[in-house]
Structures are given as C-alpha cells and as structure tokens.
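Heads up, the thing below is written out as structure tokens.
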Amino acid sequence: MPDALVAYWTAWNEPDVERIPSHLVLAVTDDVEWNDPRDSFVGIDELEQAMRRLRTSKPEYAFVIASEIDCHHDRLRYRWDMVRNGRTLMEGLDVVTVEPKSGLIARVDGFFGHPTPIDNGVSGVPTELRRSEP
C-alpha cells in the first residue's frame, strides 16, 4: 500500500483535528482534486476543512478500507466502510490517482454504496449494452 494512502486514511481517522495537516502533507498534492456525490473541491486546504468538519461532527466514526487495493497506471481502487460502534453505516468505493513523481495523491473520486443493478423494466442502460442471456 502506498505511504500516501496510509497518511490519507490516517487523516480521515485522526481524532485531534490539529494533527490533520501533518498527515495530509504526506498524503496529497497541494492542488488535490476531491469529488464524491455530496462535495467537490480542489486543494489541500479544502480537503483539510472537510476532514475537520467530519471529525468535529462525527468524532466516533471510523473509516476503514474494506477490500484489497487494485493498482494500475498510477491509479488505485478500493472499497471502504464508515463504521460506528462496530456497525457499518455507509459503504463506498474510491478511485485514486497518484502523482507518479511525488507518489502523493492527486485526485480522489469517491462513490457511495454499490453500483445499482440493471432493472430490465426501467433502465437507463441501452439494451444493446446490457448482458444478454444465452
């Protein structure tokens, strides 16, 4: 696992919000791009503020990686869980882009939950792109 990813997840779980910047400097580029279904911003300062808000409002929550980490071409993909008192409250998937020279995270694209299965009755996926049964 890349050191930057360890520092990134340590920042999300840091109980002392004053220590978040010391983790982020080891984790992300200054102009990191961050996107999930609820938020989108650019910059290490914006990411720090998002983490501070979450750690302040939900100090008992923990974020854990819940799958192996797939890697190729400076990209990482993994599943994560948000937990409290041993109970999973939210699941998600991140696709992370690592800056090749520094090894720091340059972009995080997060998704909540699992992809929605195709509903053959009402689907936005064109029929010709769907799996056909033999």
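Summed over the residues of the chain and divided among them, the accessible surface reaches 64 Å² per residue at a probe radius of 1.4 Å. Within the accessible surface of segment 13-58, defined with a 1.4 Å probe on protein heavy atoms only, the carbon and sulfur portion equals 48 percent. Charged side chains reduced to their Cβ positions (Lys and Arg at +1, Asp and Glu at -1) give segment 50-104 a dipole of some 340 debye around its Cα centre.
Charged side chains reduced to their Cβ positions (Lys and Arg at +1, Asp and Glu at -1) give segment 22-69 a dipole of some 340 debye around its Cα centre.
Near GLU14, within a Cβ-to-Cβ distance under 10 Å, what is the net charge of the other residues, with Lys and Arg +1 and Asp and Glu -1? Once positives and negatives cancel, what remains is +1.
In a simple Cβ point-charge model (Lys, Arg +1; Asp, Glu -1; nothing else charged), segment 62-134 has a dipole of about 180 debye relative to its Cα centre.
Using the charge dipole of segment 10-109 (Lys, Arg: +1 at Cβ; Asp, Glu: -1 at Cβ; taken about the Cα centre), state which of VAL25, THR56, GLY43 has its Cα farthest towards the positive end. Ranked along the dipole, the leading option is THR56. Shape index of the chain: Rg/Rh, with Rg the Cα radius of gyration and Rh the Kirkwood radius from the inverse mean 1/r over Cα pairs, equals 1.04. Choose one of VAL83, GLY124, ALA11: the residue whose Cα lies farthest towards the positive end of the charge dipole of the chain (beta-carbon charges +1 Lys, Arg; -1 Asp, Glu; about the Cα centre). Value: VAL83. Compared with the dominant Cα axis of the chain, that is its longest principal axis, helix 44-57 is turned about 90°. Against the longest alpha carbon principal axis of the chain, how many degrees, from 0 to 90 and to the nearest 10, is the axis of helix 3-12 turned? Between helix and principal axis, roughly 80 degrees.
The values are calculated or read from the model by the stated rules, or taken from the named source; none is laboratory data. In this text, all values refer to a predicted model and were calculated from it rather than measured experimentally. Ideal geometry is used to build each Cβ from the backbone, glycine not excepted, and the neighbour counts take in all protein chains shown. SASA here: full protein model, heavy atoms, side chains in, ligands and nucleic acids out. Shrake-Rupley method; radii C 1.70, N 1.55, O 1.52, S 1.80 Å.
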